[in-house]
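Below is one structure; the comments refer to it alone.
Quick note: the coordinates plus some simple rules give every number you see, no bench work behind them. Note that the coordinates shown come from a computational prediction; the quantities given were computed from them, not determined experimentally. Glycine gets a Cβ as well: all are built from the backbone with ideal geometry, and neighbour counts include every protein chain shown.
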Amino acid sequence: MEGKPAAADEARRLYDEAEAKAAQAAESLVARDSFGELLAKVTENSLFLVKLGSDAADLVVRNLRLAGRRDITGLARQVARTEDKLERVLQEVERLRDAVESSARDGAPPAKASNGAPSRARTTRRRSEPKS
């Protein structure tokens with residue numbers, strides 16, 4: 001029974017020695033400037049490989065004629081612009097509706113709203129008139 005605690009103590013001592021030597025070796029490795037340079041190169045290469053993979057995946061999707069990330073963001077921008085234009089048209093329709101309702105209440109004929117541009121009828125008459 002006396003040999004077992006000594007064997008356990010010996011194993012513990014050997015483990016502590018190995019751990020201390022490994023920690024010292026790791027510290028001396030990390031303390032060098034070359035380790036920082038190597039770490040920077042590995043990080044740079046890893047990021048390059050990720051970008052390369054992403055670009056390759058985008059190229060595959062584009063060649064398969066599927067909607068890619070760039071296509072979807074372009075469509076999202078177009079939808080946003082169209083929604084803005086539709087909102088402006090709806091506001092103008094509401095403004096015209098209010099004008100028609102107020103003129104109907106007053107008994108006057110509805111006034112033509114103009115945005116400064118000639119109406120379609122005027123522009124087509126001008127085109128159809130013979131030039132002298």
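Under a plain spin-label model, where a point goes 7 Å from the Cα along Cα-to-Cβ, how far apart in nm are residue 8 and residue 83?
About 7.0 nm, to one decimal.
For the stretch 1-109, would you read off the P(r) tail past 19 Å as a percentage of all alpha carbon pairs?
Tail fraction, whole percent: 78.
Quick one: which residues, 5+ away or cross-chain, put their amide H under 5 Å from the amide H of residue 68? H built at 1.01 Å from N.
The answer is none.
Looking at the stretch 35-81, I'd like the Rg to Rh ratio, where Rg is from alpha-carbon atoms and Rh is Kirkwood's inverse mean 1/r.
That ratio is 1.27, to two decimals.
For the stretch 67-106, what ratio Rg/Rh do Cα atoms give with a Kirkwood hydrodynamic radius?
1.41
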